[in-house]
Amino acid sequence: MIKILTWLRSWRKIATQLQRSFLVELSTEVNRGNISIPQYTLLGFLNQTSGLNMSQLAELMRHTTPATTGLVERLVEAGLIERFSHPKDRRQVLVRITDKGRELVEGLKRGIVRNLQELFKDLTQEDIEAWLRIYRTIIRRSTQQQAAAKA
């Protein structure tokens, strides 16, 4: 039990430091694009789809629909996303990322990757593979817990 508590204390410090570092780097990159982290997150979701409605986006963002609508409105005004009618139900409005939005997301991703490469430059390939394996396991478990909580 003592080993677990010691490990948890160490993990808490490491996780907090990594979180700060990643958020600072992400904020720096996102600020270069003149958007907020929630707007970047929304663009990231849209970059993986051909279009989503407000309810779908709100669920992905874990925001309310009105909050998501506000984010969408600012991104539409910036020309990063656009609204369009659902092809089978003209009453339903969907949003999708524009080419300008896609270029911004890809550019920000490249900056984030450069920053991560700098953080990882002193690690061996074996260390990186272990880190990835551990994080994939944590993410899988977290996803399972979230799904169980919804059920």
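What to note about this one:
- Listed by chain and number, the lysines whose alpha-carbon sits under 22 Å from that of K109, ignoring those within fewer than 8 places in the same chain, are K100, K121.
- Choice from A78, A67, A130 with maximal GNM fluctuation in the chain (Cα, 10 Å cutoff): A130
- Nearest-ten-degree value, helix 37-46 long axis tilted from longest Cα axis of the chain: 70 degrees
- Given 10 as the ceiling on other Cβ atoms within 10 Å, longest exposed-site-free region of the chain for trypsin sites (Lys or Arg not before Pro) in DSSP loops: 1-61
- Computed with a 1.4 Å probe over protein heavy atoms only, the accessible surface of the chain comes to 72 Å² per residue.
- Length gained on full extension, Q146 to M61: 29.2 nm, using 0.36 nm per residue less the C-alpha separation.
- Gaussian network model of the chain, springs between alpha carbon atoms under 10 Å - residue of S36, S21, S85 with greatest fluctuation: S85
- Net charge of neighbours whose Cβ lies under 13 Å from the Cβ of I81, counting Lys and Arg as +1 and Asp and Glu as -1: 0
- Among T28, T69, T49, residue whose mean-square fluctuation peaks in a GNM of the chain (springs only between Cα atoms under 10 Å): T49
- Extending 7 Å from Cα along the Cβ direction at A78 and again at N53 yields two label points whose distance is 2.6 nm.
- Within the stretch 114-151: backbone nitrogen closer than 18 Å to the R12 label point (7 Å, Cα to C-beta): none
- Surface share of carbon and sulfur [accessible, 1.4 angstrom probe, percent] for the chain: 56 percent
- Once the Cα atoms are used to define both axes, helix 99-120 deviates from the longest principal axis of the chain by about 0 degrees.
- Relative to the current alpha-carbon distance between R110 and H86, full extension at 0.36 nm per residue lengthens the span by 5.4 nm.
- Gyration tensor (alpha-carbon) shape descriptor, the stretch 24-108, a/c threshold 1.5: prolate
The values are calculated or read from the model by the stated rules, or taken from the named source; none is laboratory data. Everything numeric here is computed off the predicted structure, so don't read it as measured data. Note that we place each Cβ from the backbone using ideal geometry, even for glycine, and neighbour counts take in every protein chain shown. These area figures cover heavy atoms from the full protein model, side chains too; ligands, DNA and RNA do not enter into them. Shrake-Rupley method; radii C 1.70, N 1.55, O 1.52, S 1.80 Å.
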